[in-house]
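Below is the structure I would like to discuss, written out as structure tokens.
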Amino acid sequence: MRIRRIVLAVGAVAVLGAAGFVIAAQRPLIPEIDPPAPGTFDRALVETGARLAAIGNCHVCHTAPGGADYAGNRALPTPFGTVFSSNITPAPGSGIGHWSQAAFGRAMREGIGRRGDHLYPAFPYPHFAKLSDADIGALYAFIMTRRPVETVQRPNDLGLPFNQRWLMAVWNLVFFDAAPFRPDPQHDALWNRGAYLVAGLGHCGDCHSPRNALGAETTAEALAGGEAEGWGAPALNAASPAPVPWDAEHLDAYLRRGWDVEHGAAAGPMRPVVDALARADPADVRAIATYLAANEGGASADRQRRASEARARAGKASLPQPAAGEELGAAIFAGACAACHAGGSPMVPPHGIDLALSTAVNEADPGNAIRIVQGGIQPDDERAGPWMPPFAGAFTDAQLASLLGYIRAHYGSGAAWTGLAAKIHDLRQSKGGA
Amino acid sequence: MITLSVNGRAHRLDIDPATPLLYALRGELGLNGAKFGCGLGQCGACTVIVGGEPVFSCLVPVASLQDRPITTLEGLAAHGKPGALQQAFIAEEAAQCGYCTSGMIMRAQALLERNPAPSDAEIRTAMAPNLCRCGTHMRILRAIRRAGEALQKALPPADRQPDR
Amino acid sequence: MTGITPSRRAVLKGGGALIVSVTLSAGRALAQGAGAGAGAAALPGSLARTPLIDAWLRIDGDGKITAFTGKAELGQGIKTALVQIAAEELIVAPEAIELVTADTARTPDEGYTAGSRSVADSGTAIRIAAAQARALLIGAAAARLLVAPEQLRAADGFVVADGGRRIGYGELAGAELLHVRAGPQANFVDAGRHRLIGKSVPRVDLPAKITGGAAFVQDLRLPGMVHGRIVLPPSYGAKLREADTASIERLPGVLKVVRDGSYLGVIAEREYQAVVAMRALAAAARWEETPALPDPDHLFEMLATLPAQAISVRDGDSTMPPGTRVVTARYRRAYQMHGAIGPSCAVGLYQEGALTVWTHSQGVYPLRAAIAELTRLPPDKVRCIHAEGSGCYGHNGADDAAADAALLALALPGRPVRVQWMREQEHSWEPYGSAMLSEARAALDADHRIVAWDYRVRSSTHATRPGGRAGNLVAAWHRDTPVAQPAPQPIPLPAGGGDRNALPYYAIPQLRVVYDFMPAMPLRVSALRGLGSYMNIFAIESFIDELALAAQADPVDFRLKHLEDRRAREAVTRAAERFAWSAFGRRPDRGRGFAFARYENTAAYIALAVEIELDRESGRVRLVRAVAAIDCGEAVNPDGIQNQIEGGILQAASWTLYESVQFDRSRILSRDWSSYPIMRFPAAPDRVTVEVIDRPGAGFFGAGEAAQGPTAAAIANAIADAAGVRLRDIPIAAASVKAAIGV
């Protein structure tokens, strides 16, 4: 009897606790406002917001391919199913036209919609939690002055239990650090601005940090490397695989232009990031570069030595002689790659990167190198920039494997890549690519 | 010694294995279709078809082409008659200087073999790797559509693609 | 001094040869050069210089007809048009005519194929020659058949009498019949009975190009032919300090390495061997460079300070009348390149003391003279034969590649040497279209009529074609005894260079137009399709819209208000109607724009209406739709005209929206398509419509360059319509538009 009463009591507490939690998880609705007229926003504030939005890159997730700007419905694949981004134009019906700045701020920093609904962290509110009130105000001014477009929202494709939004309250409890950004007095204003942007608006960790099984980033491994859309996002801490360690100047150039002569060109999901950063405040990009370069180890003696060594390995006078079995890879390299990637490339900087300096060639995982070779790198429109043709159609899987094996052997500094042909085959089938 | 299969015929060539296919086609085999435009994979004037895929022949070394069927402009004719695309290009007068034409036709051929009834947007995306400096884009698009329709009509009704 | 600046002495001496050949191609009926005599001054077109009929037409004993033209097929369809004309007047099928083009050993000297004058100059000559040849054939038949000429008619290669007696052309022509001077008048086939002129006869050159026949200079294969490549300096004026040529000579297939001062080249058996050797030679070369390029961020400010010769295009008072509303604007145009899709190529063969060069140069005669000077061969030992290249759109690297073929051929006598320029060589060393800047001021009276206009334009030369001078060839600058580039000369009006179309075609009572011609060439420049007309029409037609806005007038109505020429008014009206200008439906981020011009103020009329769409997020502009109405007189081949205008619109849209040559203080940075992007298929418009207004009997005007300037202006006007912002600097790139419209 007593055991039964204890079990019942525990069960009742659990159910009441869960019910209480569910009730508490439901957050209050913030009342609608009339959509503010665009003219009511200070022009300078809107411009500040635009520059911040370039760092947050709202556009890339909230715009469907061929769709209206910021009107959502872009598919965002996650390990839990597909989430479709929401319409953040100031349309009153399907957009956020009725959202006050308070509602906008709560969504950005707490992941709660105007009606009190929980948002999924595919929307990087765990990062945006760091945003200051002033930046929220500027972003709000920018967003509310976009063209309103009514849409029909595509429903998310999530199975149980992930389609239960209220469960995000549990996830937040465990994984969401809502603390605001705290500057570090040990570092100067530029570094702190960079730290603020990287941790917050830039949400770099979304791609560049590892995630646990429930999709949360772990602070201990911040910027230790992650993945995005099948591409590997390299570590931005001391484990950075770049042969020439990044310094602030080169990283700044890379982020603003999309390429650096000692590191190569932005590829895959990084391309829209650098495209947007071209419109950010250059001082902010400089701050990001400063912080990240320091985060990777700064101008330490060891890193400077590694930089010199990498540069020395680069600039071979002639094509490397193939070892036995590498003849095909060497012939392909000579006929297909050397025109741009060996000495004397006719293209202006960025040329074809000297492969001894390429991060992708020097990573333990060949995935990025495979994707770049298969898909090439081109700008989306008639803009000057890095150009590499795709080679997926030109060579068979076995031939690409020979080529990449040769490149790794003679330009990479690490163990040989294994299982290349199979990986190449798999990536060919998958939807990702440059 | 490399054996290349070009337009259904085998050719044994004693050349540097790193030689890009373009030079083998033009130099060793005397074929005029594929042309040198940039050697960098940016303009498509050298486009040919290898195993059904459109490729930049300026960047494919012959060493990788053993046992892979190569089709050039010269291989599109059947029984001495120009192929459907060629006929469409002639009918639409889809050329000004004509230098980009061979590459255009080969890339379009690869498209139509893969996707017999492409939409206008699909044609444009497929043809984006090929440049035309004379500005003949509109006629080229018309010729490709025309050839696609002609190929569709030649099929039994059951095999035709629905209109898009 | 910066860039390629002629020496002071060269400026003072002047460039005589250049003027002569340019004037010939620009002028009408100027009796100069050999062959002119009494009465020659009255002959129209190229007959003035080459009055003998059999210089233009030969008929063999077996009746085979060969026509000769000094003009070259550039992909503009001139071969077809000339064949149509000859076949029309000789009453034969087009297939019966074999046309020989531009060969210094066989064809008349017609200067350059340029300025859209081919049909006017060569077509007129061939037409008269063919019509008079027909009359001569009939006359000869009349004498033989003892009937009156009126009872005979020419048909399909025969002169036929009533009753069926006939004699073939071949039998009648003999050796001497056509060896007579043409007369100024001819009995043309009646326009009502035209079989060919005015019909869209299919292009004679296309089937080979579409089916893989040999069609281009790049396709030439001569017995024993070998392959050459050159290594150009990394920047203008760079000097070669060292080059280990010995190691290059040992590379597989290499036959010869050529080094002469800073001039470097290599010849090999196979083409890829030449490419490999070229790369090795380039890697082995050490250069001493002298930064000589302007600061790209302050280019126009710098250009405005360079010495210039002020040329009065129209003398007038520049003071704006009192009580008027004055509008001013300033326009700019960056350096832009031809960017021929096929980099320049030539084949040279030197044997038994004679040099033959197969080249896609636009002017084989002036090139021959320049190569003769370069190689120190007597001109009659140099033969230049035109073979088609890819579209060149003006003076590109063709002549320079020809010079390289000549020099390399001399280094390896007895073997034809094929020299192919690389993409980056064509991009870096071709002569560009000059950067230009202009200022416009005009006054509107109370009736919103333009009553005063003051326009001033500044440019480097638009003409550094060889013109018989080695100094205009790149190879000549780099050899051990270099030849300096001669001082450029302005092209006289009405054709003009930087002042082409600087004079507005509108009825404006008080007009002053000045051209500041800068002899200096900070970047290498020459003729690019349209020459100064691209920029001047862009400026004038943009400015007209700015005035229309100030007058609160519709842009089309405002133009009609100031146009008196009937043909101009018709072109404007037709384009507007076909576009449905007054019924244009307003859509967000879409705009319409209009432009009109008469090329060189004396040639083809064109009016153009366009619709653009604007992406506010990026500032990107796309041409959506274009409608043109073109009146180029008697339309020989309407489809050919449409092709040229469509192509001109798309090419000019690419220039206007994307293109500017990039450089730093030392080097050209636009070296390939990644660093100089041009229009690709996704950006091409949805629809382009060209209406050809045919005017039989009204003479021929070329259509090749008419669309360039109007396209630029129409696009700028459409952007202003869509977004309320006025962009005045070409290129109108996405970043500029975005900066103008803001966030």
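Is it true that some residue in region A:312-334 is more than 12 Å from chain B (Cβ to nearest Cβ) and not in a loop (DSSP other than H, G, I, E, B)?
yes
Which condition does B:Ala158 not pass, out of (1) on the phi < 0 side of the Ramachandran plot; (2) within 11 Å of chain C (Cβ to nearest Cβ); (3) among the small types (Gly, Ala, Ser), if it passes all the others?
Against the list (1) on the phi < 0 side of the Ramachandran plot; (2) within 11 Å of chain C (Cβ to nearest Cβ); (3) among the small types (Gly, Ala, Ser), B:Ala158 comes up short only on (2).
Does A:Ala287 satisfy the condition of being closer than 23 Å to A:Gln378 by Cβ, of a type in the set (A, V, I, L, M, F, W, C) and at pLDDT 95 or above?
no
Next up: With the requirement that a residue be buried (at least 18 other Cβ atoms within 10 Å of the Cβ) and more than 14 Å from chain B (Cβ to nearest Cβ), what does region C:55-74 give you?
Selection gives C:Ala55, C:Trp56, C:Leu57, C:Arg58, C:Ile59, C:Ile65, C:Ala67, C:Phe68, C:Thr69, C:Gly70, C:Lys71.
Condition check ((1) in the same structural domain as C:Ala446 (by TED's automatic domain parsing); (2) surrounded by fewer than 23 Cβ atoms within 10 Å (Cβ to Cβ); (3) under 20 Å from C:Ala626 (Cβ atoms)) across all residues:
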residue	(1), (2), (3)
C:Phe538	yes, no, yes
C:Leu549	yes, yes, no
C:Asp554	yes, yes, yes
C:Trp581	yes, yes, yes
C:Phe584	yes, yes, yes
C:Gly593	yes, no, yes
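Separate question: Out of region C:604-635, which residues are in a loop (DSSP other than H, G, I, E, B) and either of a type in the set (Ser, Thr, Tyr) or open to solvent by 10 Å² or more (accessible area, probe 1.4 Å) (or both)?
Those that are in a loop (DSSP other than H, G, I, E, B) and either of a type in the set (Ser, Thr, Tyr) or open to solvent by 10 Å² or more (accessible area, probe 1.4 Å) (or both): C:Arg616, C:Glu617, C:Ser618, C:Glu634.
Any chance you could count how many residues in region C:330-380 are assigned to a strand (DSSP E or B) and open to solvent by 10 Å² or more (accessible area, probe 1.4 Å)?
So the count comes out to 8.
Continuing with the same structure: Which condition breaks for C:Cys345 when tested against (1) without any contact (Cβ under 8 Å) to a residue 12 or more places away in the chain; (2) within 14 Å of chain B (Cβ to nearest Cβ)?
(1)
Those residues that are among the acidic types (Asp, Glu) and without any contact (Cβ under 8 Å) to a residue 40 or more places away in the chain, I need them from region C:530-564; list them, please.
Listed by number, the residues that qualify are C:Asp554, C:Asp557.
Right, something else. Mind checking which pairs have a first residue in region C:648-667 that is away from chain B (no Cβ under 14 Å) and a second that is at pLDDT 95 or above and part of a helix (DSSP H, G or I), Cβ under 8 Å, 6 or more apart or different chains?
Listed by first residue and then by second, the contacts come to C:Gln662/C:Pro296; C:Phe663/C:Pro296; C:Asp664/C:Pro296; C:Arg667/C:Ser428.
Quick one: what pairs do we get from region B:53-67, first residue more than 7 Å from chain A (Cβ to nearest Cβ) and touching a residue at least 24 places away in the same chain (Cβ under 8 Å), second hydroxyl-bearing (Ser, Thr, Tyr) and part of a loop (DSSP other than H, G, I, E, B), C-beta under 9 Å, 6+ apart or different chains?
Listed by first residue and then by second, the contacts come to B:Ser57/B:Thr72; B:Val62/B:Thr19.
Within region A:198-246, work out how many residues are open to solvent by less than 20 Å² (accessible area, probe 1.4 Å), outside any loop (DSSP other than H, G, I, E, B) and out of contact with any Cys (no Cβ under 7 Å at 6 or more places or on another chain).
Within region A:198-246, residues that are open to solvent by less than 20 Å² (accessible area, probe 1.4 Å), outside any loop (DSSP other than H, G, I, E, B) and out of contact with any Cys (no Cβ under 7 Å at 6 or more places or on another chain) number 2.
Looking at B:Arg68, is it over 25 Å from C:Gly640 (Cβ atoms) and assigned by TED's automatic domain parsing to the domain that holds B:Pro17?
Judged against the criteria, B:Arg68 is a match.
Moving to a separate point now. From C:Lys71, C:Lys64, which residue is in the same structural domain as C:Arg193 (by TED's automatic domain parsing) and closer than 30 Å to C:Ala707 by Cβ?
C:Lys71
Considering only residues of region C:651-684 that are farther than 22 Å from C:His338 by Cβ and not polar (S, T, N, Q), which is most open to solvent (accessible area, probe 1.4 Å)?
Out of the qualifying residues, it is C:Arg665.
Can I ask one more? Out of (1) of a type in the set (A, V, I, L, M, F, W, C); (2) closer than 25 Å to A:Gly49 by Cα; (3) open to solvent by less than 40 Å² (accessible area, probe 1.4 Å); (4) not assigned by TED's automatic domain parsing to the domain that holds A:Pro269, what's the single condition that is false for A:Ala195?
(4) is the only condition that A:Ala195 fails.
Results for (1) part of a loop (DSSP other than H, G, I, E, B); (2) touching a residue at least 60 places away in the same chain (Cβ under 8 Å), shown as yes or no for each residue.
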position: A:His351; (1), (2): yes, yes
position: A:Ala356; (1), (2): no, yes
position: A:Ala369; (1), (2): no, no
position: A:Phe391; (1), (2): yes, no
position: A:Leu404; (1), (2): no, yes
position: A:Ser413; (1), (2): yes, yes
position: A:Ala416; (1), (2): yes, no
position: A:Lys423; (1), (2): no, no
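Does C:Pro682 satisfy the criteria of being within 14 Å of chain A (Cβ to nearest Cβ) and either under 22 Å from the mean Cα position of the chain (by Cα) or within 25 Å of B:Met127 (Cα to Cα) (or both)?
Yes: the conditions hold for C:Pro682.
Tally time: how many residues in region B:23-42 are within 10 Å of chain A (Cβ to nearest Cβ) and either of a type in the set (A, V, I, L, M, F, W, C) or over 19 Å from C:Ser390 (Cβ atoms) (or both)?
2
In region B:129-153, what residues are without any contact (Cβ under 8 Å) to a residue 24 or more places away in the chain and either under 16 Å from B:Asn115 (Cα atoms) or open to solvent by 80 Å² or more (accessible area, probe 1.4 Å) (or both)?
B:Leu141, B:Glu149, B:Lys153
Looking only at region C:638-647, which residues are crowded, with 24+ Cβ neighbours inside 10 Å and at the interface with chain B (Cβ under 10 Å from one of its Cβ atoms)?
C:Gly640, C:Asn643, C:Gln644, C:Ile645, C:Glu646, C:Gly647, listed by residue number.
Can I ask one more? Quick test of your reading of the structure: C:Ala698 fulfils all but one of (1) assigned to a helix (DSSP H, G or I); (2) open to solvent by 10 Å² or more (accessible area, probe 1.4 Å); (3) more than 12 Å from chain B (Cβ to nearest Cβ). Name the failing condition by number.
Just one mismatch for C:Ala698, condition (1).
The values are calculated or read from the model by the stated rules, or taken from the named source; none is laboratory data. Since we're looking at a predicted model, the values are computed, not measured. Neighbour counts run over all protein chains shown; Cβ positions are idealised from the backbone, glycine included. For the accessible areas, the whole protein counts, side chains as well, though only heavy atoms, and no ligand, DNA or RNA atoms are used. Shrake-Rupley method; radii C 1.70, N 1.55, O 1.52, S 1.80 Å.
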